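The values are calculated or read from the model by the stated rules, or taken from the named source; none is laboratory data. This one's a predicted model, so the numbers in the text were calculated from it and none came from an experiment. We place every Cβ from the backbone using ideal geometry, glycine too, and count neighbours over all the protein chains shown. Note: accessible area is taken over every heavy atom of the protein model, side chains too, but ligands, DNA and RNA are not part of it. Shrake-Rupley method; radii C 1.70, N 1.55, O 1.52, S 1.80 Å.
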Amino acid sequence: AQKVTQAQTEISVVEKEDVTLDCVYETRDTTYYLFWYKQPPSGELVFLIRRNSFDEQNEISGRYSWNFQKSTSSFNFTITASQVVDSAVYFCALSRMNSGYSTLTFGKGTMLLVSP
Amino acid sequence: DAGVTQSPTHLIKTRGQQVTLRCSPKSGHDTVSWYQQALGQGPQFIFQYYEEEERQRGNFPDRFSGHQFPNYSSELNVNALLLGDSALYLCASSLGAGGNQPQHFGDGTRLSIL
């Protein structure tokens, strides 16, 4: 069975602070995909990033960066210089690779509140 | 380029009734998945449709059923509604059923059961 744990239920920061959202996953598969999605109050899940289990190279995209460590089964997400518009619920998710069925297993999410 | 569209946006039903939710996938996508998101929780996978067939199903009772049409749009039907069915229902589409394609989500249908 697959499982994703996001231990932080809610994080509050002041604008311009850096913030890291934690994600720990469990899977018996040797190959898999990891995702981060953002859910603003409107409800739509916005795709942020997908990483495959072969590639542990960290990735940076603007103010966003991701740290994938297979040894600790973690895929953490850092926002640098946070902004009010970053306020949302962030979900980490896991899917099987090349199984023919791309179902996502989500964590419970972390609500990020960025105040001015 | 239209994204995933869902209708209706909101819906209020009473226990025991039946409901149908609709989803049009993103242009060029052929696979549709449905998720249920209870308040304060992450989305839970209901089922996935590809080539008009249910390809995989999550841990949901038979009261939850679906359909995919030749134009790739999809419906989610829930019979004998229970209070616990109150949730945000999200539709996601992708190109192909493999895990290498990211799923794109709609805004969801918020279903309230009284």
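Details
- For chain A: relative contact order, % (alpha-carbon pairs under 8 angstrom, 6 or more apart): 37
- The residues packed around A:T27, meaning those with a beta-carbon under 9 Å from its beta-carbon, carry a net charge of +1 if Lys and Arg are +1 and Asp and Glu are -1.
- Positive minus negative residues near B:L88 (Lys, Arg vs Asp, Glu; Cβ under 12 Å): -2
- With all protein chains modelled, accessible area of A:K108 [1.4 Å, Å²]: 130
- Interface of B with A. Using a 1.4 Å probe and counting protein heavy atoms only, the two chains hide about 1900 Å² of accessible surface, both sides summed.
- 13 Å beta-carbon shell around A:T72, net charge (K/R +1, D/E -1): -2
- Accessible-area composition of chain B, carbon plus sulfur, in percent [1.4 Å probe]: 47
- Taking label points 7 Å from Cα along the Cα-to-Cβ direction, B:T9 and B:A38 give a separation of 2.7 nm.
- Shielding by partners - mean other protein chain Cβ count within 10 Å, residues of A:43-51: 5
- Taken as Cα centroids, segment A:69-92 and segment B:55-103 sit 27 Å apart, rounded to the nearest whole angstrom.
- On a per residue basis, segment A:1-63 carries 59 Å² of accessible surface, using protein heavy atoms and a 1.4 Å probe.
- Sites counted here are GluC sites (Glu not before Pro) in a DSSP loop (not H, G, I, E or B) having no more than 14 other Cβ atoms within 10 Å; the longest part of chain A that contains none of them is A:57-116.
- For chain A, the spherically averaged projection of the C-alpha convex hull amounts to 7.1 nm².
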